[in-house]
Every structure is written in C-alpha cells, then in structure tokens.
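So the structure is just underneath, and the comments pick up after that.
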Amino acid sequence: MRRLVPFLGIAALAACSDSMPVELTSARAPSLNAVSASATSRYVVLFKGGAPTDFASSIAARGGTVELLHEGAGIAIVAGISADNAGAIEQNASVEAVVADFEYQGVNHKVEPMVAEAGLASEAETQSQANPATAFFFPRQWHHRAIGANVAWAAGRLGSPGVDVAILDSGIDHLYPDLVGLVDQGRARSFVPTNGTNPVLPTDDQLIATFFPGRPIWSDLNGHGSHVASTVSSLAIVSAGVTSRVTLIPVKVLNARGLGSFTGILNGILYATDAGAEVINMSLGAVFLRDGYRAFTRVLDEVTKYARSAGVTIVVAAGNEALPLHPSNNGIYGAFCSTKNVICVSATGPNAGPLNGPYSPSVDFPAIYTNFGQQFIDVAAPGGNWAENAQGQIISAVGVWAACSKTGLTFVEPPVPPGSPPGTPPPPPFYRKNTCSNNPNSTYASGFIGTSMASPHVAGLAALLVEQLGRSPEEIKSTLARTSDDIVDFGKPGKDDFYGHGRINVPAALGL
C-alpha cells in the first residue's frame with residue numbers, strides 16, 4: 001500500500017503569506033506542509049467501479065467506521081482501522097487505492113502582511129456596493145486595476161447573488177462590514193475537528209466559546225479565509241472585491257492555526273459541489289514528487305472530476321515555493337494543480353512603490369515566490385510581490401488588500417526566557433486576539449502576499465462568467481485562456497511558464 005509520508009525535504013507550502021498581520025509573527029496561516037499521519041487511523045478509499053455492497057459492514061468488522069461514502073466521486077473515508085487492515089482493504093478487487101490521511105501543517109513565510117485602519121466616518125453612509133471604486137482602500141488596490149475589474153464595475157458587471165462561490169479555507173467572518181449579507185450561512189459548513197481534549201491546543205469550537213461566544217463554528221479564526229472571500233465578493237465599504245453581489249459559501253477546512261487534513265479538504269470539495277456552488281476557490285495546496293504518489297494524484301483526479309462533471313469551476317493557487325512544476329515521473333507536482341480539472345493560478349505583482357503607487361517594475365511582474373511551469377499554470381493574476389537584496393533580505397513589498405477578520409487569533413509560542421538553565425522548556429503556547437479583532441470599534445484591512453491572493457481574483461471573474469456561460473467549467477477555462485493578456489515583457493509570446501496563457505483581463509473575458 002502506498003501511503004503518504006513526509007515529502008523528503010520537498011517544501012509542501014501554502015499559497016499564502018503565513019503570518020497574521022503586523023507584529024503577530026507567531027501566528028499560523030494556511031501555508032501547508034504535508035506530514036505523515038502515522039498516528040491517525042483515517043484513510044481514503046478509492047474504488048474502481050463503485051463500493052461493494054458490504055463495504056460498511058466489512059469496515060465495521062475491522063473495528064472501523066465509514067465517515068463518508070460518496071458514490072459520485074467513487075471514494076470513501078474510513079476511520080478507526082489499523083494500517084494492516086488498510087492494507088487488507090486495498091487487496092479487495094473493487095478497490096483501486098487506499099491513501100492514509102495526513103495533516104497540512106502551517107510553516108512560516110518571509111513576509112509579514114500589513115494592516116491599516118479604515119478611517120470611515122460611518123460604514124452605513126459609505127457603502128459602495130453599486131460603485132466599488134469608492135471603497136476606502138480602493139486607491140491602494142492596484143490589483144483590481146491591473147485586471148480591469150473597475151472597468152467591469154463601470155459597465156454594471158457587479159456579479160449576481162444567484163451565483164455561489166464556495167471558499168475552501170479557514171472560514172469567513174460574516175459580520176465584517178464588507179461581507180455582511182453576502183455569506184450564505186445556511187450552507188456554511190466546517191470540516192475541522194471539534195471537542196478537543198488538549199488544553200494547550202484547543203479546537204476551534206473551544207476557541208470560539210472562549211473568545212467569540214455565539215459565533216458559528218465556521219467563523220474565521222485565522223484571517224486568511226476572510227481575506228480571500230472579500231477578494232471574490234465585497235460590499236466595497238472598506239476594500240473592493242472583483243464582484244460586489246456574488247454569494248459566498250464558507251467551507252471551513254483549515255483551523256485557527258491554518259492546519260487541515262487531506263480528508264477535510266476532500267470533504268469540502270464534495271460538500272461544496274453537492275451544495276450547488278458554481279465556483280470553488282482553493283487558496284491552499286502542497287507540492288510533492290509525483291513518483292510514488294500516484295494513488296494520491298488519482299484521488300485528486302477523481303474528486304475534482306466529479307466536481308467538474310457537476311458544472312463546478314475549481315480555481316486553485318499554484319503555491320509559493322518558486323519551484324518548477326513538471327510532469328515527469330520524478331518531477332515536482334502541485335496539489336491541486338496536478339489535475340486538469342482545475343484552473344491553476346500563478347501570481348504577479350509589483351515589488352516596490354508607495355501604498356497608492358506608482359509601482360515598480362510593473363504590476364505584471366512575475367512574483368518572486370510563485371510556482372511556475374506551463375504544463376500546469378493556466379493563467380496568472382495579482383498576488384503581490386516583494387524584492388530582495390543580494391543577501392536575501394526583503395527590501396520592499398507590495399500586497400493585495402482585502403478584509404482583516406474581526407475574529408482573528410494569534411497563536412503565541414513564547415521563547416525560553418533569557419538566562420534560563422540549559423534544557424529549560426519554553427513556556428506553554430497560548431492564543432490571543434490579533435490586532436483586527438482586539439479593537440471591535442475599528443475596522444482594518446490587510447495586505448497579504450501569495451498565490452492565495454491571486455486565485456480569488458480568478459474565482460471572482462469565473463463567477464461573472466457563470467452569468468453568461470452557465471455552469472460550464474470547460475468553456476470558462478477556455479474563455480480565460482483566450483482573453484488573458486499575453487505579458488511578453490517578462491515572459492514569451494504564447495503560453496509560458498510564469499503566466500500560462502496570460503494575466504487575466506476582466507473586461508476582455510466579459511466581452512466589454
């Protein structure tokens with residue numbers, strides 16, 4: 001049985017900057033590092049032609065339970081079985097593969113996001129859903145101007161509440177001013193663990209009860225999900241989104257520290273599909289060596305194929321490792337860019353300039369961190385960028401501006417006190433409210449950098465295309481490829497490694 005194990009030093013990182021804003025350097029955000037889950041007993045079973053009729057009873061006989069049996073995708077998630085029993089299950093003629101569950105683990109990133117307070121005299125008086133260009137922070141949202149989103153707004157293309165975009169992430173702060181009324185709370189779901197027993201690492205339900213009593217389990221305790229969501233759709237009070245009327249479905253697969261499981265993400269894709277979403281945004285992922293992980297890629301293929309067959313357009317971030325994604329047997333693959341059933345997005349952005357510009361060298365400069373490879377990159381979009389000196393020190397950075405969750409927490413891991421005897425353990429870690437949640441009377445926006453920020457620009461455009469093309473992932477993907485701008489100044493004519501078919505162009509895609 002081929003089980004997922006640590007990727008032998010290959011970074012499995014997330015698609016975003018992974019510290020919470022400003023001074024909160026200990027926070028975890030959804031940078032993803034796939035690690036072995038040898039202590040777990042949860043597995044994904046991929047069937048060849050459907051589950052046998054006695055599957056649930058056979059799992060029960062081995063002491064396990066079937067947590068999910070999804071005939072449409074041809075997979076099951078089982079828990080409570082040993083590795084030996086998992087191996088025995090794989091020998092069944094109806095089973096193609098069994099893959100051990102594993103955790104996506106947050107790691108630190110080089111760039112701290114910025115945070116700025118919105119000086120709003122009255123949020124109610126400044127609502128600009130019908131004219132997103134009047135948002136308080138729009139002057140520094142170079143990213144929307146780079147893709148021509150403001151041109152589409154002026155033409156009345158603001159999105160439709162009848163189009164649903166599922167945000168597979170760390171949840172959404174549905175009471176953040178830009179998101180009030182845009183979030184479908186009835187279809188919101190969480191696939192992160194609850195009822196924890198570790199007092200040092202409480203689960204999200206316990207954190208909510210402590211810090212934000214009364215908030216739903218799918219609330220965003222990390223901050224990443226709200227930033228991504230408001231880039232797709234925003235009332236444009238604080239900062240604008242690509243759209244201002246599209247409905248958002250929170251599908252929480254990452255916890256307060258940005259940790260999630262492979263099975264949680266699979267659950268999220270299947271739930272969002274069956275809940276009726278037209279678009280799924282996944283600003284998360286990992287990189288891995290293809291050789292030895294074919295079972296893993298087969299599971300990804302089948303689950304994303306099911307979503308595509310249901311008319312769902314899946315948009316994913318390419319990742320932030322600055323690695324070439326390559327299809328050879330020993331090449332580096334990216335999840336979820338490794339499957340043809342998605343739109344894989346690389347990042348662009350200026351690496352220097354004041355908050356409101358002008359920027360240098362160009363808003364279309366390929367991001368220093370973005371993964372690349374024309375076999376997998378479909379299009380590019382703004383993700384922000386930074387510049388380094390010869391010593392590798394960051395000397396300037398330009399972020400993507402969007403919501404800063406008012407339910408964000410920081411996970412603090414104190415160092416060993418200076419002067420302590422050798423071997424002294426550090427004090428226990430703890431949580432505290434971050435800047436954006438610690439001042440309930442103020443509203444903040446944050447500037448993040450990463451392919452996590454590029455992906456929702458494309459998801460927002462995909463939502464606009466659903467209005468005129470319907471639930472047609474293939475046609476939406478081909479439209480993006482045909483209408484994106486070919487950035488020849490930093491790439492080459494035609495499809496290339498960094499831009500794929502080009503940087504998205506909203507008015508061109510909409511025929512404006």
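Just so you know, all these numbers are worked out from the coordinates, no wet-lab data involved. Note that the structure is a prediction, hence the values are computed from the model and not measured. Note: ideal-geometry Cβ built from the backbone for every residue, glycine included; neighbour counts use all protein chains shown.
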**Prompt:** How would you order 455-462, 355-362 from highest to lowest mean count of nearby Cβ atoms within 10 Å?
**Reply:** 455-462, 355-362
**Asked** What do you get when you divide the Cα radius of gyration of segment 473-512 by 2.2 N^0.38 Å, with N the number of residues?
**Response** 1.13
**Complete:** Counting as exposed only GluC sites (Glu not before Pro) in DSSP loop states with no more than 16 other Cβ atoms inside 10 Å, the longest exposed-site-free span of the chain is 126-512
**Prompt:** Based on the Cα coordinates of segment 407-512, what is the per residue volume of their convex hull in Å³?
**Reply:** 244
**Message:** So if each residue of separation counts as 0.36 nm, and I subtract the Cα-Cα distance between K492 and I395, what length gain in nm does that give?
**Reply:** 32.1 nm
**Message:** Could you work out how much longer the chain between V412 and A209 gets when fully extended? Use 0.36 nm per residue separation minus the Cα distance between them, nm to one decimal.
**Reply:** 71.2 nm
**Fill in**
Fewest to most Cβ atoms within 10 Å: K305, K48, K252 sort as K48, K305, K252
**Request:** Let me see the pair-distance distribution of the chain: every alpha carbon pair, 20 Å bin width, integer percents in order.
**Result:** 25, 58, 17, 0
**Asked** Hey, got the dipole for the chain? About the Cα centre, +1 on K and R Cβ, -1 on D and E Cβ, debye to the nearest 20?
**Response** 180
**Item:** Stretch gain in nm, segment S362-R294, where the contour uses 0.36 nm per residue and the Cα spacing is subtracted
**Value:** 20.6 nm
**Request:** List the extent of the Cα atoms of segment 188-319 along each of their three principal axes, largest first, rounded to whole Å.
**Result:** 43, 40, 26
**Separation of the D84 and K340 label points, Cα + 7 Å toward Cβ, nm** = 4.2
**Percent breakdown of C-alpha pair distances by 10 Å bin, ordered from the shortest bin, for segment 41-100** = 26, 66, 8
**Asked** Given a Förster distance of 30 angstrom, what is the FRET efficiency for N439 paired with D274, based on the Cβ-Cβ distance and rounded to 0.05?
**Response** 0.15
**Fill in**
Restricting to Cα pairs under 8 Å and 6 or more apart, the percent relative contact order of segment 41-100 works out to 49
**Item:** Rel. contact order, % - alpha carbon contacts under 8 angstrom, at least six apart, segment 392-444
**Value:** 41
**Message:** Just want to confirm a number: the relative contact order over the chain, from Cα pairs under 8 angstrom separated by 6+ residues, in percent.
**Reply:** 19
**Message:** For the pair L69/Q91, report the inter-label distance in nm, with labels modelled 7 Å from Cα in the Cβ direction.
**Reply:** 2.2
**Request:** Enumerate the amide H contacts of L325 below 5 Å, restricted to partners 5 or more residues apart or on another chain; note that Pro and chain-start residues carry no placed amide H.
**Result:** F372, G373
**Asked** Which whole-Hz couplings ³J(HN,Hα) result when phi for each residue of segment 383-397 is put into the Karplus expression 6.51 cos²θ - 1.76 cosθ + 1.60, θ = phi - 60°, listed in order with x for Gly and Pro?
**Response** x, x, 7, 9, 10, 10, 8, 5, 8, x, 8, 6, 10, 6, 7
**Request:** For L175, put the label point 7 Å out on the Cα→Cβ axis and report which residues of segment 191-229 keep their amide N under 15 Å from it.
**Result:** 208-221
**Asked** Fewest first, what order do L201, L464, L270, L409 take by the number of other Cβ atoms within 10 Å?
**Response** L201, L270, L464, L409
**Request:** Order by neighbour count: D54, D220, fewest other Cβ atoms within 10 Å first, most last.
**Result:** D54, D220
